[in-house]
Structure formats: C-alpha cells, structure tokens
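Trainee: Structure below; questions to follow.
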Amino acid sequence: MKLFSSFGLLSLRIYAQIAGAPPLTIPKASVFLDSNGNKIGDYYTEERRYWVELEDISPYLVDATIAVEDKEFYSHNGFDYSRIVSAIIKDLKTQSMAEGASTITQQLA
C-alpha cells in the first residue's frame, strides 16, 4: 500500500510540473450603464464573459456540464484520483498533455 501511495504522490508531482500553474486571471467583460440602470455599452478583451447567478442557469445545462466535465462530481472530495493516475499514464505514454484530470472543483479553485 505504501508503494502505491508513494507512486501516486510522485505521479501527482510529475503531473503538476507538466501541467504548470493555472492562469491567475479570468477575462471578464465590463458593462456600462446609464443613470437609470440601462445598458449603454460593454467592453471586453479576449472573450465576452459575464457572471450569472447559479439559479439563473438552467438545471439541464448544469447536469450536462457535470456529465461532460466531471462524471464523478457527486462521489469524490474534489480530486478524482483514478482519473489523475490514468491521465498521468496516458500523458507519459504519449509524451504530451494528451489528457487532463482536473475536476470541476479544481478548475474553480
């Protein structure tokens, strides 16, 4: 068991070095409003992104996102270890970043 744990920790360290640090900023758009609160324009750089409240997003979109991005979302504590190990193995075999293993929780952290 210790050997497996050691391999897992070493693999996580190697994966973190290959993946590199995540971006520190998320591009956001600015919305310009007049004195009555009406939108008169907006500004964005690379992408047009707006924050919305979770209750304003369709539950079907939430379920679809979880199904595609993180099938085990409701059954792990933020880390999908089996997915991490399989991604490391695939990345090492292909000598590229062929597969990622971040969970939704990790992407939003």
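Trainee: Looking at region 82-90, is at least one residue at negative phi, modelled with pLDDT under 85 and surrounded by 13 or more Cβ atoms within 10 Å (Cβ to Cβ)? I'd like the intermediate steps shown before the answer.
Mentor: Just the residues of region 82-90 that are at negative phi, to begin with: 82-90.
Narrowing further to those that are modelled with pLDDT under 85: 82-83.
Subset that is surrounded by 13 or more Cβ atoms within 10 Å (Cβ to Cβ): 83.
Scanning region 82-90, I find at least one residue that is at negative phi, modelled with pLDDT under 85 and surrounded by 13 or more Cβ atoms within 10 Å (Cβ to Cβ), so the answer is yes.
Trainee: Scan region 66-78 and report the pairs whose first residue is under 17 Å from GLU99 (Cα atoms) and whose second residue is of a type outside the set (A, V, I, L, M, F, W, C) and in a loop (DSSP other than H, G, I, E, B), with Cβ atoms within less than 7 Å and a gap of 6+ or a chain change.
Mentor: ASP70/THR103; GLU72/ASP80
Trainee: Considering only helices (runs of 4 or more DSSP H) fully contained in region 45-109, which possess at least 2 residues that are closer than 30 Å to VAL31 by Cβ?
Mentor: Passing ranges, in order: 59-69, 104-108.
Trainee: Turning to a different aspect of this structure: Could you list all residues from region 57-109 that are more than 14 Å from the chain's Cα centre (by Cα), among the β-branched types (Val, Ile, Thr) and under 14 Å from ALA16 (Cβ atoms)?
Mentor: Within region 57-109, VAL85, ILE88 qualify.
The values are calculated or read from the model by the stated rules, or taken from the named source; none is laboratory data. From a predicted model like this one, the values you see are computed outputs, not experimental measurements. As a convention, Cβ positions derive from the backbone with ideal geometry for all residues, glycine included, and neighbour counts pool all protein chains shown.
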